[in-house]
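Read through the structure below, which is laid out as C-alpha cells, and then see the notes.
The values are calculated or read from the model by the stated rules, or taken from the named source; none is laboratory data. The shown structure was predicted, so the numbers you read here are calculated from the model rather than taken from an experiment. Glycine also receives a Cβ, built like all others from the backbone with ideal geometry; neighbour counts cover every protein chain displayed.
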Amino acid sequence: MDRQLRAEIVNTVNRAVMEANEMYQERWLTDEMLCEHIGVFTKRWLKDNGQMLPRTRAEWSDDKGEHRTAWVYPLHKIQRMIASGEIKRLQ
C-alpha cells in the first residue's frame, strides 16, 4: 500500500467516524451543560454570541399560543470545530 492510498483510507475512516458521532451519537446540551463540558464558554458569552454556534430548539403552536424550548447545542460538532480550528472563524 503506497503512502497516498494509506492517507486516503485514514481520511475516509476519520470522516466516517466524525459523521457517525455527529449524526447518530450527538449529545445535545443546554447552555449550562455546554459551559461545564467546554470551559471557554460562559453563560454570558452564549447569551451574547450563541447564535454563532450551531444550535437549535423546539418550537410549536397550540391553542394556548406559540411555544419554544431553550437553545440546545451539539457537543460533538462543537468539539470538532474546536479540534479543527473552525471555532477561530466564527461569524
If we ask which residues in the range 38-91 are of a type in the set (S, T, N, Q), farther than 19 Å from TRP28 by Cα and within 13 Å of the chain's Cα centre (by Cα), their number turns out to be 1
Among helices (runs of 4 or more DSSP H) completely within the range 18-89, the ones holding 2 or more residues that are surrounded by 16 or more Cβ atoms within 10 Å (Cβ to Cβ), modelled with pLDDT under 95 and out of contact with any Pro (no Cβ under 6 Å at 6 or more places or on another chain) are 75-84
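Counting only residues that are free of Cβ contacts under 8 Å to residues at least 40 places away in the same chain and either within 18 Å of PRO74 (Cβ to Cβ) or of a type in the set (Val, Ile, Thr) (or both), how many does the range 48-63 have?
Here the count works out to 10.
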